[in-house]
Ligand code: PHE
């Protein structure tokens, strides 16, 4: 028995010193061969039965010693191999942070969205709320309530897509004015951005485009307030030197009505290709809200007055970014779009 124990100890020692490159798994298998339930050292314990009773304490001690020795020997190796395998893993998974990154295409914000956001930012800073009305609109909101009755020649100012006799694709965000005033009493200060539709298509017109309406109604509002607000808008949207010029015009829902020009920011007003040599660029329509429009919404025109303005976002984008053809804004060509960053 004693000899058997010594043999096992030697066997383990020889195998372990011969196989220094064992993996954790191999080591475990080997350990089981000796220390597992059916392993050789466990078999020694079972063999105790056959040892003469008077020898048992001494032999039992030897078996216990070899088991302890083997357990220690394997544990030390397990730790060493574990450490070795871990550092190999770390080395193989090392990331070279100096490698150039893979190029990934990112999206950009559409210039019309950029303009829309900037306008909302500028005007909300002056206290405006935002209201978005429906694109499929009633004739009443798009025309009649805005003082454009059926058969009125002003209907021809916008070539409208009718859906039925009463419903149409809104041709202007001015419809939002009525929807706001029907539901809210003054003071009112609201922006109404959104898509509008007109049967019109060339380098400067698109059948679908975006407008932004502004409406202010309160006691004592005059055209001067409009001018002051537009001065601030022009300076913030373009340059600090941009000037605003009002020219008389006509809209059925404003009286008086004006066309608003800004001094050309490309040439500083000297006259260039963009402003066609005039030094001015027309950017929006506006005016003092017509008494009849206020009346249509149940607002007393003897107490309250207001002004309204409406501008085309594509037009603003074209001026701001020097875009020559409106169709570029709708083609979705990435080479064009990726030039605009937030
Ligand atoms: N709705 C007009 C247009 O589309 C613009 C406008 C808005 C004019 C508000 C005056 C007041 O041409």
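Overview of values
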quantity: Cα pair count fraction exceeding 17 Å, expressed as % - segment 81-124; calculated: 66 percent
quantity: Neighbour-count ranking [beta-carbon atoms within 10 angstrom, fewest first] of 40, 102, 341; calculated: 102, 341, 40
quantity: Gained length - residue 182 relative to residue 336, 0.36 nm times residue gap less alpha-carbon distance; calculated: 51.3 nm
quantity: Ordering of 330-337, 154-161, 309-316 by burial proxy (mean other Cβ atoms within 10 Å per residue, highest first); calculated: 309-316, 154-161, 330-337
quantity: Fewest-first ranking of 243, 94, using other Cβ atoms within 10 Å as the exposure measure; calculated: 94, 243
quantity: Length released on extending from residue 20 to residue 32, taking residue separation times 0.36 nm less the Cα-Cα span; calculated: 2.5 nm
quantity: Gain on full stretching of the segment that runs from residue 205 to residue 321 - 0.36 nm per residue minus C-alpha separation; calculated: 40.1 nm
quantity: For 103, 253, order by how many other beta-carbon atoms lie within 10 Å, fewest first; calculated: 103, 253
quantity: Viscosity 1.002 mPa s, temperature 20 °C, Stokes-Einstein D of the chain from Kirkwood C-alpha radius, µm²/s; calculated: 80 µm²/s
quantity: Contact order relative to length of the chain, as percent, for alpha carbon pairs under 8 angstrom and 6 or more apart; calculated: 15 percent
quantity: All-pairs Cα distance distribution in segment 2-92, expressed in whole percent, bin size 5 Å; calculated: 3, 12, 23, 21, 15, 10, 7, 5, 3, 1, 1, 0
quantity: Compactness of segment 212-341 as Cα Rg over 2.2 N^0.38 Å, two decimals; calculated: 1.22
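Quick note: the coordinates plus some simple rules give every number you see, no bench work behind them. None of these values were measured; they are calculated from a predicted model. All Cβ positions, even for glycine, are placed from backbone atoms using ideal geometry, and neighbour counts span all protein chains on display.
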